[in-house]
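The values are calculated or read from the model by the stated rules, or taken from the named source; none is laboratory data. Keep in mind that this is a model prediction, so the values were computed, not measured. All Cβ positions, even for glycine, are placed from backbone atoms using ideal geometry, and neighbour counts span all protein chains on display.
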Amino acid sequence: MTAADGRVYWIEHKGVRILFHDFSNIQNVDEAVEVVRAAAGPMRSCPPGSVLALTNVSGSRFNKRVLDAVVELTRGNKPFVKASVIVGLSGLTRAAYIMVGRMTGRAIHAVNTVEEAKDWLAERQ
């Protein structure tokens, strides 16, 4: 069992398979780092360029340690991602994730709700 169990799982929306990273409502920084680091497995077992990924960070706290773990995860997942979208960004977190995208060379689309995210990814299939 890993820290990501129950937080990283496959969903289906409009007949499209999406890898859901539910990083919402994590207040403890140590827990956030552990969950982010443990989240790599499911995606990295997929063929390159095949994964539609949805990440929800609504209500979560972050600091430099969490951001570093996110950069590491995002960089490592890059070869496997077809498209990715993030939910729950505001203010500083939005700026931080824009920086993550630039640092990793990944285009990470941001929307306001999980439903918007699922619809956006379904259109990328």
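Annotations for the structure displayed:
- Residue within the stretch 20-37 that is among the small types (Gly, Ala, Ser) and surrounded by fewer than 15 Cβ atoms within 10 Å (Cβ to Cβ) present: no
- Residue list for the stretch 1-38, restricted to those being modelled with pLDDT under 90 and of a type in the set (A, V, I, L, M): Met1, Ala3, Ala4, Ala38
- Which numbered condition Val71 fails, given (1) exposed (fewer than 14 other Cβ atoms within 10 Å of the Cβ); (2) under 22 Å from Asp30 (Cα atoms): (1)
- Taken over the stretch 95-122, the criterion of being surrounded by 13 or more Cβ atoms within 10 Å (Cβ to Cβ) and of a type in the set (Lys, Arg) is satisfied by Arg106, Lys118.
- Options Val51, Val29, Val16, Val66; residue that is touching a Lys or Arg at 6+ places or on another chain (Cβ under 7 Å) and either more than 21 Å from Ala117 (Cα to Cα) or touching a residue at least 60 places away in the same chain (Cβ under 8 Å) (or both): Val29
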